[in-house]
């Protein structure tokens, strides 16, 4: 590093002198415009959703059927309980930020998400059960799951400490049947 002197202004006997620190041969820094090419960002709270995680079923009703015979048997499951799934976040944020995150999930991840969805009584699924096996059935609402972060963005476009979150929103009622 080399120190350089640069005269900025001279008025009569008064002169303003600036010491500039930089590599040898570097131009002096203008104190009135220290970053002439710097990018500007409007300061404020920001959020990003970089990861779409595995979707989950918010189960409202569970049932099963056991086939103890040596042949395939028919089954029919009918939901006996209802329940509502609402969108949410794993952290506390303002209502405005929560709405923005929900809108981002709808716009970028899954256009079918809703703020709330109710799994109704009486929804049916039917099929066959293999011999000597138990078929299980879960009924509820699929949730779109994402993870992201929120942070304060400064005017120089850098971010402060990031707070990470998980968010979800319901998008479809569903039976899941499995052995």
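The values are calculated or read from the model by the stated rules, or taken from the named source; none is laboratory data. Since we're looking at a predicted model, the values are computed, not measured. Neighbour counts run over all protein chains shown; Cβ positions are idealised from the backbone, glycine included.
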Filtering region 97-113 down to residues that are within 14 Å of residue 170 (Cα to Cα), surrounded by fewer than 16 Cβ atoms within 10 Å (Cβ to Cβ) and touching a strand residue (DSSP E or B) at 6+ places or on another chain (Cβ under 7 Å) yields 112
Return a yes/no flag: does region 21-28 have any residue that is more than 28 Å from residue 122 (Cβ to Cβ), modelled with pLDDT under 90 and part of a strand (DSSP E or B). yes
Looking at region 60-78, can you tell me whether even one residue there is closer than 30 Å to residue 161 by Cβ, assigned by TED's automatic domain parsing to the domain that holds residue 140 and modelled with pLDDT of 95 or more? no
Whether any residue in region 114-135 is in contact with a helix residue (DSSP H, G or I) (Cβ under 6 Å, 6 or more places away or on another chain), assigned by TED's automatic domain parsing to the domain that holds residue 82, surrounded by 19 or more Cβ atoms within 10 Å (Cβ to Cβ) and under 21 Å from residue 60 (Cβ atoms) is what I want to check. no
Looking across region 29-51 at residues that are at pLDDT 90 or above and farther than 30 Å from residue 141 by Cα, the single one that is farthest from the chain's Cα centre (by Cα) is 40
Among (1) at pLDDT 95 or above; (2) surrounded by 14 or more Cβ atoms within 10 Å (Cβ to Cβ), residue 54 falls short only on (2)
